[in-house]
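Visitor: Mind having a look at this structure? Questions to follow.
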Amino acid sequence: MPVERTEPQGAEELYRHYEVYETIGSGGFAKVKLGRHLLTGEKVAIKIMNKKELGEDLPRVQVEIEAMKNLSHQHVCRLYQVIETTSKIFIVLEYCPGGELFDYIIAKDRLSEEETRVFFRQIVSALAYVHSQGYAHRDLKPENLLIDADHNLKLIDFGLCAKPKGGLGYELMTCCGSPAYAAPELIQGKTYIGSEYASLRKKST
Ligand code: ADP
């Protein structure tokens, strides 16, 4: 499905294409609702953000949209459509009913080596693709990996990603991401190579 960008005054454009159901998640910036594409019947996740409430974080959303528009991979959550109104941004995404990998690991306490191997390969293939497109995700963690209907992983949350102009070998400075998963050079305030900044240790409680 091609990514469209439209800017109506209200949410009528959303309701013209989708039925909107219950809230299925929420984050620091957004409420996420289950939806259904009227034409195809496909279930979707609709990430809803209020522009006023976003304030200084609006650029982060723009970064996320720009990156997701350019990324298409079986283990990266697909962006279907962006609908922007005067007060809200609706991001229509591929629906992942299995929830976060983080909750899955907690519920099972630990995963078997067999299952871990499958998930790990999927994560590495997603990252290799993201890096091949010139992006560093910079917030890789089990909370940002969702499980789809076929029990496959999908990488989400590109709000902190970077696409260094000089290529991925270029050193980055911005200290960002989640401290519990940060690479040592970030904590030390050193410059770092974006594609190397990936840590998947289980968060200590
Ligand atoms: P924020 O950017 O505000 O942190 P997230 O993108 O992390 O928001 O989404 C918040 C929560 O909504 C996720 O943790 C997840 O539970 C749910 N969610 C997000 N995207 C999807 C999706 N594509 N399919 C199913 N649930 C999703």
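The values are calculated or read from the model by the stated rules, or taken from the named source; none is laboratory data. Predicted, not measured: the structure shown is a model, and the values here were computed from it. Neighbour counts run over all protein chains shown; Cβ positions are idealised from the backbone, glycine included. Ligands, DNA and RNA are stripped out before the accessible areas are found, and what is left, the full protein with its side chains, is counted by its heavy atoms. Shrake-Rupley method; radii C 1.70, N 1.55, O 1.52, S 1.80 Å.
Visitor: If the label point is 7 Å along Cα→Cβ of E42, which residues in region 141-162 have backbone nitrogen under 19 Å from it?
Guide: 146-157
Visitor: How big is the charge dipole of region 24-111 about its Cα centre, in debye rounded to the nearest 20, if each Lys and Arg gets +1 on its Cβ and each Asp and Glu gets -1 on its Cβ?
Guide: The dipole magnitude comes to about 240 debye.
Visitor: Output the Cα-based Rg and Dmax of the chain in Å, rounding Rg to one decimal and Dmax to a whole number.
Guide: Gyration radius and largest Cα-Cα distance of the chain: 17.3, 51 Å.
Visitor: Just the Kirkwood number for region 96-141, please: inverse of mean 1/r across all distinct Cα pairs, in Å, one decimal.
Guide: Kirkwood radius, region 96-141: 12.1 Å.
Visitor: Evaluate the relative contact order of the chain (contact order divided by residue number), counting alpha-carbon pairs under 8 angstrom at least 6 apart; express in whole percent. Numbers along the way, then the final one.
Guide: Values: 355 pairs, mean separation 37.8, N = 205.
Relative contact order for the chain comes out at 18 percent.
Visitor: Charges at C-beta only: +1 for Lys and Arg, -1 for Asp and Glu. How large is the resulting dipole of the chain about its Cα centre, in Debye rounded to 20? Spell out each step's value before the answer.
Guide: Details: 26 positive and 28 negative charges, 50 e Å.
The dipole of the chain has a size of about 240 debye.
Visitor: Separate question: Of the accessible area of region 15-64, with the probe set at 1.4 angstrom, what percent is carbon plus sulfur?
Guide: 51
Visitor: Moving on to the next point. Taking the Cα-to-Cβ direction at K165 and at S132 and moving 7 Å from each Cα, how far apart do the two end points lie in nm?
Guide: Each label point lies 7 Å from its Cα, and together they span 2.7 nm.
Visitor: Sort 58-66, 116-124 by the packing proxy (mean of other Cβ within 10 Å over each peptide's residues), most packed first.
Guide: Working: 58-66: 16.6, 116-124: 14.4.
Ranked by mean Cβ neighbours within 10 Å, highest first: 58-66, 116-124.
Visitor: Label S72 and A180 with points 7 Å out from Cα along Cα→Cβ: what is the distance between them in nm?
Guide: Each label point lies 7 Å from its Cα, and together they span 3.6 nm.
Visitor: Is any residue of region 129-160 close enough, with backbone N under 20 Å, to a label point placed 7 angstrom from the Cα of R117 along the Cα-Cβ axis, and if so, which?
Guide: Backbone N within reach: 151-153.
Visitor: Expressed as a rounded percentage, what relative contact order does region 94-167 have, with Cα pairs under 8 Å and six or more residues apart?
Guide: Once divided by the residue count of region 94-167, the mean separation gives 43 percent.
Visitor: Taking only Cα atoms, what is the 0 to 90° angle, nearest 10, from helix 113-132's long axis to the longest principal axis of the chain?
Guide: The angle comes out at about 80 degrees.
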